[in-house]
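One structure below.
Throughout, read-outs are computed from the coordinates displayed, never taken from laboratory work. Nothing here was measured: the structure is a model prediction, and the numbers come from that model. With ideal geometry, Cβ positions are generated from the backbone for all residues, glycine too; neighbour counts draw on all protein chains shown.
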């Protein structure tokens, strides 16, 4: 049992350290519904970009789309 817990702890710790290395500081994107705060990752990880906070008038799928569009904008500068 101890072996399984130790392996799980090491695996989760490694994943957390890996994720933090690719994170950028959160950014705020203005939308017609209000600001969306996005957690962006390295340019090649745009599919990881996700909303931290978003307006009540917006559903999560739309907020994810806003963050991924911002990630693509920063990746390609368009």
Problem set entry | Nearest-0.05 FRET efficiency for residue 73 and residue 33, computed from C-beta distance (R0 25 Å) | 0.85
Problem set entry | Extended-chain gain in nm, criterion 0.36 nm per residue less alpha-carbon gap, residue 23 and residue 62 | 11.9 nm
For this session: Rank these for me by crowding, 41, 22, going from fewest to most other beta carbons within 10 Å.
Result: 22, 41
For this session: Would you mind calculating the relative contact order of the stretch 23-76 from Cα pairs under 8 angstrom and at least 6 residues apart, reporting the percent as a whole number?
Result: 32 percent
